[in-house]
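Peer 1: Here it is, the structure, as structure tokens.
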Amino acid sequence: MNCRSCGTEIADKALICYRCGTATTEAKFKPAVVQRRSPWSLIVSLIAIVVLALAALYIRQAESGGGTSRLFNWLAVAAAVLVVVVRAYLRRRKR
């Protein structure tokens, strides 16, 4: 048998050409396709980090000067839950 790439004579049972390294048959398995991440995932993550950092600063300031309002506490928790839900949705949608 001859190599289909360089023409060197190789053994009939050879898997690759000893001279150029070309496979003698087509691959049984194709490599996995790498999917790029959506820029929205990064944007949502950055917004979440900024919101949580601002919430932490507000809570710290409010604790030193008084108490935080219950409404703000619920809004901070709702924002965190919303971020988790959006990220889970985006990941599930990619599948």
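The values are calculated or read from the model by the stated rules, or taken from the named source; none is laboratory data. Note that this is a predicted model, so its numbers are computed, not measured. Cβ: placed from backbone, ideal geometry, glycine included. Neighbour counts: every protein chain shown.
Peer 1: Please verify whether segment 25-32 includes one or more residues that are in contact with a Leu (Cβ under 8 Å, 6 or more places away or on another chain), surrounded by 11 or more Cβ atoms within 10 Å (Cβ to Cβ) and modelled with pLDDT of 80 or more.
Peer 2: Scanning segment 25-32, I find no residue that is in contact with a Leu (Cβ under 8 Å, 6 or more places away or on another chain), surrounded by 11 or more Cβ atoms within 10 Å (Cβ to Cβ) and modelled with pLDDT of 80 or more, so the answer is no.
Peer 1: Name the pairs whose Cβ atoms lie under 6 Å apart, with the first residue in segment 45-57 and assigned to a helix (DSSP H, G or I), the second surrounded by 14 or more Cβ atoms within 10 Å (Cβ to Cβ), and 6 or more positions between them or separate chains?
Peer 2: Qualifying pairs under 6 Å: Ala48/Val83; Val51/Ala79; Ala55/Ala76.
Peer 1: Among the residues of segment 58-75, which ones are modelled with pLDDT under 75 and hydrophobic (A, V, I, L, M, F, W, C)?
Peer 2: Hits for segment 58-75 are Ile59, Ala62, Leu71, Phe72, Trp74.
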